[in-house]
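First up is the structure itself, then whatever we jot down about it.
The values are calculated or read from the model by the stated rules, or taken from the named source; none is laboratory data. All figures in this text were calculated on a predicted structure; none of them were measured in a lab. Here Cβ is always computed from backbone atoms with ideal geometry, including for glycine, and neighbour counts include all displayed protein chains.
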Amino acid sequence: MPTNNDSILFPPQASTFAQDVDALYYFIHYLSVFFWVGIVAAIVYFVWRYKRGHREGVGPSHNLPMELTWSIIPLILVIAVFLWGFKGFMGMSRAPSGAEQIQVTGKKWLWNFEYPNGQQAIGELHVEVNKPYKLIMTSEDVIHSFFVPSFRNKMDVVPGRITTFWFEPTMVGEQQVFCTEYCGDGHSDMLAKIVVHTPEDYAKWVEENQKEDTTTPLPELGEKLYTSKACFTCHSTDGSVKVGPTFQGLFGKQEQLTTGQTVPVDEEYLRESILQPNAKVVQGYQPVMPTYQGQLSDREVSGLIEYIKTL
Ligand SMILES: [Cu+2]
């Protein structure tokens, strides 16, 4: 059974499930090819053999051994496929008890990850290779679905309910997460990455992420955060309107709010917009921006403000 990692048909096999899922897929595939060839060959043969049509006195007959054969063999095969699939499904449903737990919140249109120490990140989850992880997932708005093709696992994320998803990565590198439940016009941008590290790199990442960046100049820091905190999924820097207003030319202008008030866009307004997005909502937009309270340090908020000023 082909299990290589350079298949043009499949994404790489990057979790402990992948090999089994692909093996079952290939089994069903080649079984279907086998029967397709056999049935087509029989049809072609009979068309040729009986091309003269029905002979008087020789009617359709009954053959019990043949009928039992073509009923029982397929029955055994579909039961085997069911048992194989069921075993795989049960394995995917139950996380091992030692799995590290990560809280995941789906929201139009981003994925938020919360680590056991309370640290949060949008659109990026860092894990260690060959260790089990259990994602405890819910949605803040509509139904989303968490899909990692290279892990061969997928689970719906439902508002008001908790669903779980577990995996043990077997390959170092970045794995792509998609939303696979159509959830509105930003659906195709609802992406995230799972970054799988070696144990040494993971330890390094943990260390770097716990100490604050105090050296990068503020506008540059802001530009990085614009990407890493997923602001770009809702705000453009080129004047185009996405889910939220563009950042181009934002600083210094007068902003019209849903209350009818007009406020000047200054540092304080930007700060409040990032930390309490619903305090002042811009006219013509929905209050869908997540709060970044607790996810950005003071210096990071200043970085974003200085970056927006340059646009
Ligand atoms: Cu979605």
**Asked** Considering V129, V142, V172, which residue is of a type in the set (V, I, T) and over 30 Å from K204 (Cβ atoms)?
**Response** V142
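K51: outside the structural domain of R152 (by TED's automatic domain parsing), assigned to a helix (DSSP H, G or I) and of a type in the set (D, E, K, R), yes or no?
So K51 does not fit the description; no.
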**Message:** Can you confirm whether M90 is under 30 Å from T164 (Cα atoms) and out of contact with any strand residue (DSSP E or B) (no Cβ under 7 Å at 6 or more places or on another chain)?
**Reply:** yes
**Complete:** Of those in the range 103-155 that are β-branched (V, I, T) and crowded, with 18+ Cβ neighbours inside 10 Å, the residue farthest from the ligand (Cβ to nearest atom) is V127
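Here is a yes/no grid of residues against (1) within 14 Å of the ligand (Cβ to nearest atom); (2) surrounded by 18 or more Cβ atoms within 10 Å (Cβ to Cβ):
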site	(1), (2)
V172	no, no
A192	yes, yes
Y202	no, yes
L221	no, yes
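Conditions tested, residue by residue: (1) out of contact with any Lys or Arg (no Cβ under 9 Å at 6 or more places or on another chain); (2) at pLDDT 95 or above.
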| residue | (1), (2) |
| --- | --- |
| A18 | no, no |
| V21 | no, no |
| V47 | yes, no |
| K51 | yes, no |
| P74 | yes, no |
| I79 | yes, yes |
| S97 | yes, no |
| K108 | yes, no |
**Message:** So, in the range 286-301, how many residues would count as being surrounded by 16 or more Cβ atoms within 10 Å (Cβ to Cβ) and of a type outside the set (V, I, T)?
**Reply:** 6
